[in-house]
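Inspection log for the structure reproduced underneath, given as structure tokens.
Quick note: the coordinates plus some simple rules give every number you see, no bench work behind them. A quick note: this is a predicted structure, and the numbers were derived from the prediction, not measured. Because the Cβ atoms are built from the backbone with ideal geometry, glycine has one as well, and the counts that use them run over all protein chains shown.
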Amino acid sequence: MENPLDEPRDPIAAVTHRDPYPYYARLAAERPLYRDDALGLWVASGAEAVAAVLGSEICRVRPLREPVPAALQGTPAGEVFGRLVRMNDGGRHASLKRAASVTFDLLAGGRAAAVSRELAHSLQGDLHDLAFRLPVSVVARLLGARPGELEPAARSTGELAAGFAPGASPEAVGQAGRAALELRRLLQGFPVDGLLETFRRQARSAGLDEETILDNGIGLLLQPYEATAGLIGNTLLALARSPQTLERVRAAPESLGGLIEEVLRRDPAVQNTRRFLAQAGTVAGQEMREGDTILVVLAAANRDPTAARGFGFGAGRHACPGQTLAATIARAGVEQALAAGLEPGPLAQEVRYRPSVNVRVPLFPTAGEGDLTPRAGRSASASHSQGRNASPREIPVSSHSAWNGHPRRSRTRRRAPGWCRNDCT
């Protein structure tokens, strides 16, 4: 495959590239399944290969010899990681998946839209607060959190996610452990009339212990954290890049739902995930060895014209049941940003993305066009002019930075990060 100028050097670098989609489309068409010796793994990019990997019984979400990443072992954060439904396979996964799926269906129904709009309106700050705090706050409220518990739940979820990230510093892992303990304390105090109690009942009926149930309650908060933040941000960028679409959404707000569905396929937050061979065998027609790693490029499969479905929320037994809820929260967030006077256009002028090996989340400014605080007399033109001088805000996540600046390809073998946290359930 030719390598045009300014193309990502590999599928991991593509995650934060300004426009990886022509590259992804070529991967899916010309190299649907191949071995990348520089990264030390297989890459599945075509829709058929991706579906085969995600549906394979010998492909697991964690390496057999390392169910919990070494850096997290022996910590409270590692305990949570090891119990999460999305980090397990087999009978344990099946029992948890049923309970989680029922709970996500209930979270997405009934009060979800109203709670999302209410909390989006209450987050008067900048786009980062809206994108990252809103998803966790909505799920926490539906699970039973009281108003005063929403901010600590969102903060601790962010700290736990940072500690889960590949290459997290010892300080980040330590903070993640404290966040895990704080989230356990918060969830234990949720009232019995919330949906957390529904999840408990479903999980208990499957014979699961209380520690596993509580830590997967934390998992319900983790699930939407980065993925829905990315969906909000990427939808705002879609509006920024297309004045015609923005005009249509303003004239017919009901069309925003269709745009969000399109963003889920065309510019998904979760760009890739991984699978690990539990035994030697054939996957997607290719012989592989026990212990091999497969990078599953969901965003490339979405660009495959032969794809019969989208892969933004995975496929197979670990497909995420949270798509409807994510779209509901994202819609409320985007609606609130526009209602607060945001002019999306300047957001697309110099787009940068949060350093990550698998999640595409745009970085937005803290002032000007990124400021959602209502002000008397504020106009779209004022927002636009202020935005030109706004400085982008980097959310410090040192755990991501180890793989942000990849060296150029050379004869030196470089390994890809060994695990990612954004498998779903």
**Prompt:** Taking the Cβ-Cβ separation of residue 57 and residue 36 as r and a Förster radius of 35 Å, what is the calculated FRET efficiency to the nearest 0.05?
**Reply:** 0.90
**Prompt:** Over the range 199-351, what relative contact order in percent results from Cα pairs under 8 Å that are six or more residues apart?
**Reply:** 26 percent
**Message:** Once you keep just the Cα pairs under 8 angstrom separated by 6 or more residues, what percentage relative contact order results for the range 35-186?
**Reply:** 21 percent
**Complete:** FRET efficiency for residue 287 and residue 181 from the Cβ-Cβ distance with R0 = 51 Å, rounded to 0.05, comes out at 0.65
**Prompt:** What is the range 60-124 by shape, rounded, prolate or oblate, if you read a ≥ b ≥ c off the alpha carbon gyration tensor as root eigenvalues and call it rounded for a/c under 1.5, prolate for a/b larger than b/c, and oblate otherwise?
**Reply:** oblate
**Message:** Please compute, for the alpha-carbon atoms of the range 285-334, the extent along each of the three principal axes and give them in descending order in Å.
**Reply:** 46, 26, 16
**Prompt:** Which of the peptides 53-64, 226-237, 331-342 is most tightly packed, and how do the rest follow, judged by the mean count of other Cβ atoms within 10 Å per residue?
**Reply:** 226-237, 331-342, 53-64
**Fill in**
A correct Stokes-Einstein calculation for the range 17-105, using the alpha-carbon Kirkwood radius, 37 °C and 0.692 mPa s, returns a whole-number D in µm² s⁻¹ of 208 µm²/s
**Message:** Please rank 255, 95, 45, fewest neighbouring Cβ atoms within 10 Å first, as an exposure proxy.
**Reply:** 255, 95, 45
**Asked** Which values of log₁₀ I(q)/I(0), to two decimal places, follow from the Debye formula for the range 104-196 at q = 0.22 Å⁻¹ with a uniform point scatterer at every Cα?
**Response** -1.11
